[in-house]
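Data first, discussion second: the structure below is written as structure tokens.
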Amino acid sequence: MEPRRRCEAFVATRDDVRVITPRSRGRISDVWRFRDLYRSLVARDLAVKYHSSVLGFVWTLLNPLLMLAVLTAVFTHVIKVPIEHYWAFLLSGYFVWNCAQQCLSSATYVLHQHASLRRSAAFPSEILLLSAATAKHVEFAIEIGLTLVVLVIFHHHGVPGSLLVLPVLLALQFILVVGLMSPIAVLSVLFRDVQHALPLLILALFYASPVFYSADLVPESVRGLYMLNPFAGLLSLYHAVLFEGRFPPAGQLGWVAVLSLSICGAGYVIFRRYKSLCVEVA
């Protein structure tokens, strides 16, 4: 058998059989060819999460709602953050942060979780990251939908036009999160210390991001440095659109777009460089 033919791998899908060569596995465009596998992995992630659970998806809402209640009580009656309708402000950004931290945490085990599948079948490893991020964003879409209903009825008493920007924010959020997941995924395989260090970094990032306070409360002398945190800009945009009901400044939106795309590009370069090594190590 010729060397090249020995390297060929065959992957069966629902509709046909596709031939994958080592060269084609390096192209991100091949992700679209494996959309059936991508959909299956997303459905599997959601099914496994709620398997044998009596309340099912309710747990996805119950945990963050409990944290929202605690934070609202603390920062309304104890520390007293100077923001009117604080519950609405908190609701406008907390689910965004909750989705992001779950995606980052999942990046530490997603390559290990599918190591046997990755060794037995040839497909772009990017699908594992994208499916993990998509599964979390499916839950987020339901959460943000319920959030919109609550804010429209009890906070805005109408539908603000700024909601037209929401799809753009969702796209930027997905791009940013996938960009951050990419290096975390490969580093978690190569260095197990990442799994221990990441929770600490996420906790630090939580306090360094405008989740339970407004970015306007950050002193102007350090606000420029503060906005280098990619979640600072993104959460400020969500607060403007969902809480304040206004269109965000174009400059701020453009900055978050550039930052998200840059992080995604850099993250993918790292992932592409080490993904083959991760298949052998995981």
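The values are calculated or read from the model by the stated rules, or taken from the named source; none is laboratory data. These numbers come from a predicted model, not from an experiment. Reconstructed Cβ throughout: ideal geometry from the backbone, glycine too, with neighbour counts over all protein chains shown. Areas reflect the complete protein model, heavy atoms only, side chains present, ligands, DNA and RNA absent. Shrake-Rupley method; radii C 1.70, N 1.55, O 1.52, S 1.80 Å.
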Practice problem: Take the alpha carbon atoms of region 56-95, find their center, do the same for region 255-282, and report the distance between the two centers in whole angstrom. | Solution: 33
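Hey, what D do you get for region 193-266 in µm²/s if you plug the Kirkwood alpha-carbon radius into Stokes-Einstein at 4 °C and 1.567 mPa s? Mind dumping the intermediate values first?
Values: Rh = 13.4 Å.
In µm²/s, the coefficient is 97.
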Self-check item: Burial order of peptide ranges 209-216, 46-53, 223-230 (average beta-carbon count within 10 Å, highest first)
Solution: 209-216, 223-230, 46-53
Exercise. With a probe of 1.4 Å, find how much accessible area region 171-282 has per residue, and write the answer as a whole number in Å².
Key: 48
Quiz item: Using the alpha carbon gyration tensor of region 140-181, what are the three equivalent-ellipsoid semi-axes (square root of 5 times each eigenvalue), largest first, in whole Å?
Solution: 24, 12, 6
Exercise. With everything on Cα atoms, drop me the angle between helix 166-190 and the longest principal axis of the chain, reported from 0 to 90° to the nearest 10.
Key: 50
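Quick one: pull the percentage of alpha-carbon pairs in region 65-209 with a separation above 24 Å.
So the portion of pairs separated by more than 24 Å is 43 percent.
Return the calculated 222 nm mean residue ellipticity for the chain, to the nearest 500 deg cm²/dmol, obtained by summing -39500 (n - 2.57) across DSSP H runs with n ≥ 4 and dividing by the residue count. The partial results should precede the final answer.
On the way: 13 runs with 184 residues, N = 282.
My calculation for the chain gives -21000 deg cm²/dmol from helical runs alone.
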Quiz item: Per the Cauchy relation, a quarter of the hull surface: what is the mean projected area of the convex hull of the alpha carbons in the chain, in nm²?
Solution: 17.4
Quiz item: Computed from the mean reciprocal separation of all distinct C-alpha pairs, what Kirkwood hydrodynamic radius does region 143-282 have, in Å?
Solution: 16.8
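Using a 1.4 Å probe on the protein chains only, how many percent of the accessible area of the chain belongs to carbon and sulfur? Intermediate values should be presented prior to the final figure.
Working: 9750 of 14580 Å².
Exposed carbon and sulfur together represent 67 percent of the surface.
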Exercise. Using a 1.4 angstrom probe, figure out how much accessible area region 47-117 has per residue, in square angstrom, rounded to the nearest whole.
Key: 51
Quiz item: Relative to the first principal axis of the alpha-carbon coordinates of the chain, what is the inclination of helix 250-281, with its axis defined by its Cα atoms, in degrees from 0 to 90 and to the nearest 10?
Solution: 30
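Given the peptides 160-168, 268-276, arrange them by the average over their residues of other C-beta atoms within 10 Å, most packed first. Display every interim value, and only then the final one.
On the way: 160-168: 14.2, 268-276: 16.8.
With the highest mean Cβ count within 10 Å placed first, the list reads 268-276, 160-168.
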Exercise. Could you work out the Kirkwood radius for region 24-121, taking every pair of different alpha carbons, averaging 1/r and inverting it, reported in Å?
Key: 16.9
Quiz item: If you find the alpha carbon centre of region 103-137 and of region 143-159, how far apart are they in angstrom?
Solution: 34
Exercise. Round to the nearest 0.05 the FRET efficiency obtained for SER40 and GLU280 when R0 = 25 Å and r is the Cβ-Cβ distance.
Key: 0.55
